[in-house]
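Remarks on the structure that follows.
Nothing in this text is a laboratory measurement; each read-out follows from the coordinates by a stated rule. Keep in mind that this is a model prediction, so the values were computed, not measured. When we count neighbours, we look across all protein chains shown, and the Cβ atoms used for this are built from the backbone with ideal geometry, even at glycine.
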Amino acid sequence: MDGGDFSGQPQPSRKYMLVCFLVVVFFFCPLMAFIYWEKYLHQDPVFSVSLTEVAGGLDLARSPVIRPDFGLTLRVDNQQIARTCREEVTVTVFYDDTVVGWADVPDFCVDKWTTAQLEVPLSHADVVLTYEQRRRLASELRSGNLELTVETRMVFPEGFDREWHNSASRQSLLLCRVTLGQGYTYCLRHLLQDRFHNSY
């Protein structure tokens with residue numbers, strides 16, 4: 001028997017091929033569309049932060065008192081299929097548990113498929129460090145590995161669609177561990193208890 005002759009084998013019928021085609025069209029295509037929609041429907045914007053030293057306020061040779069002055073940029077990468085907005089935004093910068101900068105950020109919106117960068121002027125004041133903090137801070141400055149924690153609190157506007165943003169609360173907290181002068185660091189989002197609702 002010739003191994004290349006398949007004429008004796010049953011061929012798929014037109015009815016069978018039509019059924020397969022309909023299964024693909026009416027099941028797999030909607031399924032793929034749903035997965036794609038869900039991916040972008042519930043994809044929260046990605047927030048990241050960068051910090052730079054504006055002036056020589058971290059000169060530890062002068063005294064135990066430092067007057068840190070940082071430049072902070074908040075980057076919002078919105079890959080949702082809709083505009084996203086935040087309000088009541090506050091930023092606090094910590095070294096260990098010591099506050100070294102803070103700011104109130106104006107309400108903002110970012111269009112769909114858009115990345116925006118917000119320059120945040122930080123307020124600051126004289127900070128007294130312990131001996132151990134000064135010693136560690138001096139070492140981190142020399143090595144270029146000074147890490148600070150940036151805490152950003154923000155609120156969705158009234159009437160926001162909870163399902164659209166995959167969020168059970170209007171309030172969220174972003175925590176970022178940022179190395180000074182080393183570019184952007186991504187932030188982790190945590191939901192806070194809603195002031196207007198009892199659930200998360």
Point to revise | Matching residues in the range 75-130 - criterion: being farther than 22 Å from residue 44 by Cβ and in a loop (DSSP other than H, G, I, E, B) | key: 96, 97, 122, 124, 125, 126, 129, 130
Check your understanding: Name the pairs: first residue in the range 87-110 and acidic (Asp, Glu), second residue not in a strand (DSSP E or B), Cβ to Cβ under 7 Å, at least 6 apart or on different chains?
Key -> 87/107; 87/157; 96/133
